[in-house]
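A.B. asks: The structure under discussion is supplied below as structure tokens; questions concerning it will follow.
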Amino acid sequence: MFKSWTHFPSLMDGIHTLRQSGTLSDVVLLVEGRPIQAHRVLLAASCDYFRNIQTLSRTDVYRQLPEEDVFMVLSSDALQVASENEVYEAALHYHYSPEEVETDQVDLQDNLRMLDAVRFSLIEKQVLQRLHSRLDSCPLKDSISAALRYHEHELWQPVLQSHLTQPRSIFHCILGFGGMFSSSSFVDAEHMFQVYHPSWSEWRTLQAAHAPRMSNQGIAVLNNFVYLIGGDKNNSGFRAESRCWRYDPRHNSWCSIQPLQKQHADHCVCVVGGHIYAIGGRDYRSELDSVERYDPSTNKWEFVAPMKKEVYAHAGAVVDGRIYITCGRRGMAYLRETYCFDPAPNHWTACAEGPLERAWHGMAAVNGRAYVIGGSNDDSGYRRDVLQAACFDPTANSWSLLTPLPSGHGEPGIAVLDSRIYVLCGRSHDKGDRMKYVHVYNTDTGEWENETEFTDCVSGLAACVALMPPAVIAQARGWEQHTKASSDNADIDSSEESSED
């Protein structure tokens, strides 16, 4: 028998490297709210608990568990599975033995309770079609038919959402799209966007085919679908954009939706009553007062009541079903105006003016109030950062001043997670450059906190919060891991080319 004293340390080093890089990881554990990437085979080989969790549904003990308890587990958003197919199998295993399932000795015409917990819309269309063809009329066939209709109407899925179409996840992450980066390595990173969870110590990148690369895009989240609306196509000069896209976190995929009727840059986007509103901005020929409303049930934009005056570089937020926009620019003048749009009467109303002029700032709504943060103005005779944050109370139609920002954020990304307002990067005119720092405003304490910085400096980021499936999160990499993987792939490509020679 051959023995090697170096093999075991080498094996452990290799396993450690795989874990650190996330390579081939196929499960995400949630430990005290913190997601940890892992490998199923290593978990099963090293711990009885994880062997049991993978094989539990194939045991006699599983079928003896209380029906309500099993149904609750199979219905849970926190259930960790690689795909919904595993839930379908576990549901069958509660009613039939593994041998009966594997030899197809099951009567799917029966009303099997556990099948009601399966989210069939998350199963691949081809699998559903094969299963549908085997069934006569029965409750299961009705569920499969509904799931197939959902698949066939991809464009209308945001208005067809229910609990059974939501991803199995409890990971609410901050996503950052587009922007203008200082480093050429980020500029050249096609189809990449940023993702962050508070339990991580870094911002990570995700790759999704056809991810748009622009800056200052309007962003909206509707039923956990992310929409990017218009923006600056500024990879070769400045050009306002009318195109729009939709991102589906469940499949980490993009699709195009109906473009705006006008080009909009330096605009703002808000969601009210299941509709998306694109408000004002400019097309680099003229400033806009127009407002367009998108109906996801028809995939069409229509004009609604225009603003009182044209404005660009403003920001907006929604409080109690109404849109509030603040400040911005008109011509070369910085504004302190506040307007409210009520969708029901389709009408704009002027509100109390803000405490100071600003533009290219951010807004967020938390607990019935609108927060205005960052931006710049020229009060000093030249363009400077606005550090003073402010809060608007719509009920009292009044403003109050908040603790100032620690540093400037012009054209920042804004996202709200757990009542904390994340202000991402942007441009500091006082420092004369883009920034990579992140500040968080705690609305409970009224204080600013430093948060994990970006790897590179960026302005014009579009940010939001979305529920991300563990399987998609497992694909996210730190920037160093991404660049190393890209380099390794390039080396492989080069070696393959040389071998052909």
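A.B. asks: Does region 301-309 contain at least one residue that is out of contact with any Lys or Arg (no Cβ under 6 Å at 6 or more places or on another chain), modelled with pLDDT of 95 or more, surrounded by 17 or more Cβ atoms within 10 Å (Cβ to Cβ) and part of a strand (DSSP E or B)?
C.D. replies: Among the residues of region 301-309, at least one is out of contact with any Lys or Arg (no Cβ under 6 Å at 6 or more places or on another chain), modelled with pLDDT of 95 or more, surrounded by 17 or more Cβ atoms within 10 Å (Cβ to Cβ) and part of a strand (DSSP E or B), which makes the answer yes.
A.B. asks: Same structure, new question: Give the residue, chosen from A365, A344, that is under 22 Å from A278 (Cβ atoms) and in a strand (DSSP E or B).
C.D. replies: Going through A365, A344 in turn, the sole match is A365.
A.B. asks: Of the residues S407, S398, which single one is in the same structural domain as C268 (by TED's automatic domain parsing) and either in contact with a Ser or Thr (Cβ under 7 Å, 6 or more places away or on another chain) or surrounded by 24 or more Cβ atoms within 10 Å (Cβ to Cβ) (or both)?
C.D. replies: None of the others qualify; the one that does is S407.
A.B. asks: Follow-up question, since we're still on this one. Return the residues of region 440-467 that are farther than 27 Å from K233 by Cβ and within 19 Å of the chain's Cα centre (by Cα); say none if nothing qualifies.
C.D. replies: Result: V440, E451, T452, E453, L467.
A.B. asks: Could we say that F177 is modelled with pLDDT under 90, crowded, with 16+ Cβ neighbours inside 10 Å and not assigned by TED's automatic domain parsing to the domain that holds E68 here?
C.D. replies: no
Conditions tested, residue by residue: (1) in contact with a strand residue (DSSP E or B) (Cβ under 9 Å, 6 or more places away or on another chain); (2) surrounded by fewer than 22 Cβ atoms within 10 Å (Cβ to Cβ); (3) closer than 30 Å to Y150 by Cβ; (4) not acidic (D, E).
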position: Q194; (1), (2), (3), (4): yes, no, yes, yes
position: S199; (1), (2), (3), (4): yes, yes, no, yes
position: E202; (1), (2), (3), (4): yes, yes, no, no
position: A211; (1), (2), (3), (4): yes, yes, yes, yes
position: V221; (1), (2), (3), (4): yes, yes, yes, yes
position: H251; (1), (2), (3), (4): no, yes, yes, yes
position: S256; (1), (2), (3), (4): yes, yes, yes, yes
position: V272; (1), (2), (3), (4): yes, yes, yes, yes
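A.B. asks: On to the next question. Filter region 442-472 for residues that are part of a strand (DSSP E or B) and not hydrophobic (A, V, I, L, M, F, W, C); which is farthest from W254 (Cα to Cα)?
C.D. replies: E447
A.B. asks: Restricting to region 352-363, give me the number of residues that are out of contact with any Asp or Glu (no Cβ under 8 Å at 6 or more places or on another chain) and surrounded by fewer than 18 Cβ atoms within 10 Å (Cβ to Cβ).
C.D. replies: Within region 352-363, residues that are out of contact with any Asp or Glu (no Cβ under 8 Å at 6 or more places or on another chain) and surrounded by fewer than 18 Cβ atoms within 10 Å (Cβ to Cβ) number 2.
The values are calculated or read from the model by the stated rules, or taken from the named source; none is laboratory data. Nothing here was measured: the structure is a model prediction, and the numbers come from that model. Every residue, glycine among them, receives a Cβ derived from its backbone with ideal geometry; neighbour counts consider all protein chains shown.
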